[in-house]
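Have a look at the structure below, then the notes.
Derivation of every value follows stated rules applied to the coordinates shown; laboratory data play no part. The structure displayed is predicted, hence computed values, not measured ones. Here the Cβ positions follow ideal geometry from the backbone for every residue, glycine too, while neighbour counts run over all protein chains shown.
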Amino acid sequence: MNIFRMLGDLSHLISIFILLHKMQTSKSCSGVSFKSQVLYLVVYVFRYLDLFTNPFMSYYNTLMKIVFIASSAYTIYLMSTVFKPTHDPAIDTFKIEYLLGGSLVMALLFPPKWTFMEISWAFSIWLESVAILPQLFMVQRTGEAETITTHYIFALGAYRALYIPNWIWRYMFDKKAKLETIAVVAGLAQTLLYSDFFYIYWTKVMKGKKFQLP
Amino acid sequence: KDDLVKHDEL
């Protein structure tokens, strides 16, 4: 465990907290892409299958995996029941079939090993790298976003971005660790997808202005 | 080198 990994995981937890807090206090999920949330649940379910198979890693590891699956399922539950009237499917129109299909193809083309577990792990990594697209697309369609929603997107993006210095750290100091090429490539791609958002977030939201596309 | 990174990282 190094500082970047810790901050990354913390950032992920914070993003979940921000999203649930936004929905509970405003009694609304407007501006939140249901499709992105569904993709994240798929990501966690497929990646954390190792909860049942793998040798035990640590209490921290198990707890975090359960928290990510559970909070993701809870978010979808809230969005599809209590706050359903506040969700506007007309602006959440990104075609996620392409993201699911593309991730599956990538996982089948370059599996770390030819086993179901390894392919599902790779699938989840590729899918996570693009799961934010419906959300970013929605922001782009409306041309603006509530400040709280942008904090959520930022915290979620920072999580994967912070994994990059974590991998550099592991590469240099953690001699036992074998870096996962797929995770690194997908992680870089994921961070790249956020770069436009990060830029506007820094130049506008951090200066107290509303998130508005130019 | 061990292969556990993919199960350790979240």
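At a glance:
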| item | result |
| --- | --- |
| Residue count, region A:174-214 (criterion: crowded, with 16+ Cβ neighbours inside 10 Å, aliphatic (A, V, I, L, M) and over 19 Å from B:Leu10 (Cα atoms)) | 3 |
| Members of region A:1-37 found to be among the aromatic types (Phe, Trp, Tyr) and within 14 Å of chain B (Cβ to nearest Cβ), listed by number | A:Phe4 |
| Any pair with Cβ under 6 angstrom, 6 or more apart, that starts in region A:88-117 at a residue that is assigned to a helix (DSSP H, G or I) and ends at one that is charged (D, E, K, R) | A:Ile91/A:Arg141; A:Ile96/A:Lys35 |
| Only listed residue being of a type outside the set (Lys, Arg) and under 19 Å from A:Phe123 (Cβ atoms), chosen from A:Phe56, A:Phe34, A:Phe68 | A:Phe68 |
| Hits in region A:53-86 (condition: assigned to a helix (DSSP H, G or I) and within 12 Å of chain B (Cβ to nearest Cβ)) | A:Thr53, A:Tyr60, A:Asn61, A:Thr62, A:Leu63, A:Met64, A:Lys65, A:Ile66, A:Val67, A:Phe68, A:Ile69 |
| Hey, A:Tyr40 aromatic (Phe, Trp, Tyr), within 14 Å of another protein chain (Cβ to nearest Cβ), in contact with an Asp or Glu (Cβ under 9 Å, 6 or more places away or on another chain) and under 17 Å from A:Pro134 (Cα atoms) or not | yes |
| Residue within region A:26-46 that is out of contact with any helix residue (DSSP H, G or I) (no Cβ under 7 Å at 6 or more places or on another chain), part of a helix (DSSP H, G or I) and surrounded by fewer than 19 Cβ atoms within 10 Å (Cβ to Cβ) present | yes |
| Odd one out for A:Lys176, checked against (1) under 30 Å from A:Thr25 (Cα atoms); (2) touching a Lys or Arg at 6+ places or on another chain (Cβ under 8 Å) | (1) |
| Test: residue in region A:176-195 that is assigned to a helix (DSSP H, G or I), more than 13 Å from every other protein chain (Cβ to nearest Cβ) and under 18 Å from A:Ile18 (Cβ atoms) | yes |
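Residues are listed down the side, and each one gets a yes or a no for (1) among the aliphatic types (A, V, I, L, M); (2) out of contact with any strand residue (DSSP E or B) (no Cβ under 6 Å at 6 or more places or on another chain):
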{"site": "A:Gly143", "(1), (2)": "no, yes"}
{"site": "A:Thr150", "(1), (2)": "no, no"}
{"site": "A:Arg160", "(1), (2)": "no, yes"}
{"site": "A:Asn166", "(1), (2)": "no, yes"}
{"site": "A:Asp174", "(1), (2)": "no, yes"}
{"site": "A:Leu179", "(1), (2)": "yes, yes"}
{"site": "A:Leu188", "(1), (2)": "yes, yes"}
{"site": "A:Thr191", "(1), (2)": "no, yes"}
